[in-house]
1. Output the residue which, of all residues in region 157-198 that are free of Cβ contacts under 8 Å to residues at least 12 places away in the same chain and not basic (Lys, Arg), is farthest from residue 132 (Cα to Cα).
2. Out of the residues in region 13-40 that are among the aromatic types (Phe, Trp, Tyr) and surrounded by fewer than 20 Cβ atoms within 10 Å (Cβ to Cβ), state the one that is farthest from residue 73 (Cα to Cα).
3. Only residues that are in a loop (DSSP other than H, G, I, E, B), among the polar types (S, T, N, Q) and more than 18 Å from residue 69 (Cα to Cα): list them for region 13-46, please.
4. If residue 138 meets every condition in (1) buried (at least 22 other Cβ atoms within 10 Å of the Cβ); (2) over 21 Å from residue 102 (Cβ atoms) apart from one, which number is that one?
5. Specify which of the listed residues (154, 136) is assigned to a helix (DSSP H, G or I), at pLDDT 95 or above, in contact with a Leu (Cβ under 7 Å, 6 or more places away or on another chain) and closer than 28 Å to residue 227 by Cα.
6. What are the residues in region 74-89 that are farther than 18 Å from residue 220 by Cβ and buried (at least 16 other Cβ atoms within 10 Å of the Cβ), if any?
Amino acid sequence: MRFGVIIFPGSNCDYDSYHAAVTVTGQQAAFLWHESHDLQNCDAIIVPGGFAYGDYLRTGAIARFAPIMQEVGKFAASGGLVIGICNGFQILCEAGLLPGALMRNAGLKYICKQVFLRVENTGTPFTNACHQGEVLQIPVGHMEGNYYCDAQTLETLKKQDRIVFRYSTPEGQITREANPNGSLENIAGICNEGRNVLGMMPHPDRCSELLLGSADGAKIFKSMAAALAPTR
């Protein structure tokens with residue numbers, strides 16, 4: 001399989017995502033320029049973290065109009081795997097591939113630290129290497145990570161089991177203290193109805209090897225590779 005990593009002006013986690021995808025899975029990867037209309041026959045797309053177009057207007061508000069995102073939208077509509085990490089999550093929401101929005105952190109300060117996530121749904125191509133209720137240690141680094149949606153959307157996410165990760169304690173308890181940014185119901189990651197598009201604020205690309213303090217993020221990339229592995 002082949003991962004595609006998008007590069008926008010202001011992306012700063014593109015090489016992290018590329019390295020994690022290639023090193024963890026042993027598969028190939030390619031960089032995709034924001035002005036391109038060519039996904040280069042990639043099997044999975046990574047929309048990485050950073051500050052696309054300087055985060056002017058609103059995080060992800062300009063990036064959603066990039067030519068490459070038109071192709072990502074078509075790719076996702078056809079069932080292709082797309083993961084948005086941090087700024088990538090913000091872009092996917094702005095592009096309408098995921099519901100809701102990412103607002104300023106409740107404390108109005110940039111947050112960069114290790115957090116814990118409880119896996120709420122293992123029935124996705126991004127979490128098949130995890131077990132239900134497993135707690136992952138993955139870092140965050142954001143100013144606008146406070147996920148919000150209206151009550152009807154939240155009810156739909158719950159009913160369709162589309163909340164994939166929640167911020168938790170190391171023991172897996174969902175508490176206010178474990179929520180780093182004020183995100184609605186401790187939501188750290190959601191998927192679309194087809195379960196082929198995932199957005200998450202924490203950075204699995206920054207914890208794919210033990211050298212980085214945690215290798216829990218590797219499970220996300222391994223899950224994607226396993227989901228796309230040819231059946232024999």
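The values are calculated or read from the model by the stated rules, or taken from the named source; none is laboratory data. Note that the structure is predicted; figures quoted are calculated from it, not measured. FYI the Cβ positions are ideal-geometry reconstructions off the backbone, even for glycines, and counts take in every protein chain you see.
1. Per the criteria, the residue is 177.
2. The residue in question is 15.
3. 27, the sole residue that qualifies.
4. Going through the list (1) buried (at least 22 other Cβ atoms within 10 Å of the Cβ); (2) over 21 Å from residue 102 (Cβ atoms), residue 138 breaks only (2).
5. Only one candidate qualifies: 154.
6. 75
Yes/no per residue for (1) closer than 20 Å to residue 205 by Cβ; (2) touching a Pro at 6+ places or on another chain (Cβ under 7 Å); (3) in contact (Cβ under 8 Å) with a residue 40 or more places away in the chain:
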site: 44; (1), (2), (3): yes, no, yes
site: 48; (1), (2), (3): yes, no, yes
site: 54; (1), (2), (3): no, no, yes
site: 58; (1), (2), (3): no, no, no
site: 72; (1), (2), (3): yes, no, yes
site: 77; (1), (2), (3): no, no, no
site: 81; (1), (2), (3): yes, yes, yes
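Residue-by-condition table, conditions (1) among the aromatic types (Phe, Trp, Tyr); (2) surrounded by fewer than 17 Cβ atoms within 10 Å (Cβ to Cβ); (3) within 12 Å of the chain's Cα centre (by Cα); (4) not in a loop (DSSP other than H, G, I, E, B):
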residue	(1), (2), (3), (4)
167	yes, no, no, yes
173	no, yes, no, no
190	no, no, yes, yes
194	no, yes, no, no
205	no, no, yes, yes
221	yes, no, yes, yes
225	no, no, no, yes
